[in-house]
1. Just the Cα atoms of the range 61-119: what Rg and Dmax do they give in Å?
2. Any idea how far apart Ala56 and Met148 come out in nm if each label point goes 7 Å out from Cα toward Cβ?
3. Just to be sure I understand the model, the point goes 7 Å from the Cα along the line to the Cβ. What's the resulting Asp76 to Leu25 distance in nm?
4. Asp20's amide H: which non-local residues (gap 5+, or another chain) put their own amide H closer than 5 Å, with H modeled 1.01 Å from N in plane and none for Pro or chain starts?
5. Can you work out ³J(HN,Hα) from phi for every residue in the range 96-111, in order, using Karplus 6.51 cos²θ - 1.76 cosθ + 1.60 and θ = phi - 60°, giving whole Hz and x for Gly and Pro?
6. Using all alpha carbons of the range 32-175, what is the percent of pairwise distances in each 10 Å bin, ordered from the shortest bin to the longest?
7. Quick one: 3J(HN,Hα) in Hz for the range 170-175, Karplus 6.51/-1.76/1.60 with θ = phi - 60°, rounded, Gly and Pro as x.
Amino acid sequence: QYCHRRDPTRQRLGGSTIEDPRRRLPGPARAAVDALSRAVRARWMMAGRGRFEIGADFISNGHIRLGGPGRIRIGDRCNAWARAETNVLLTFSPGAVITIGNNVRLNGAGLQAASGISVGDDCILGSCTIVDTDHHPVGVNRRTSGEMPLSAAITIGRNVWVAGMAAVLKGVTIG
């Protein structure tokens, strides 16, 4: 959380204090980033019709896509300012839930949930892929068996960095 007593522009991350990225911007640029971030947050909150929740102090340049019939919760002070790839958070069933903790940095992350994905506080997700389902049967008789694709929740603990090009698959717990 922000350290209000010392300097409100600094935040706690993984036991150390880091600078709010907006602090380095000149006043007009900071105001523009804040306005854009508020507009992105409002757009997705309305588009989700109650299924999408985005916490306070959300930062984004608009390179984020939320979708699907499930719930998506993004914590306070999430920085979703993507450099190259768009952040994509998708659910595939009404019971699926994607939960992003506080102080999380998303930079081109792709999260796809059929059951659930939980990302703890103070995490950094680069341009990685996190998928809790196979999307299709993987058995030898997959075209004729009628079996359903497997799905298992993913848990990423507090203060975990998942770097670009990494893939986290169904049933995995990190941290």
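Taken together, the values in this text are just the output of simple stated rules run on the coordinates, not laboratory data. In this text the structure is predicted, and so the values were computed from the model without any measurement. Glycine gets a Cβ as well: all are built from the backbone with ideal geometry, and neighbour counts include every protein chain shown.
1. Here Rg and the maximum Cα pair distance are 10.8, 31 Å.
2. 4.0
3. According to this spin-label approximation, the distance is 2.1 nm.
4. Residues meeting the criterion, in which the H sits 1.01 Å from N, are Arg10, Gln11.
5. 6, 9, 10, 10, 10, x, 7, 6, 8, 9, 10, 9, x, 6, x, 10
6. P(r) for the range 32-175, in whole percents per bin: 13, 43, 31, 10, 3, 0.
7. 3, x, 8, 10, 10, x
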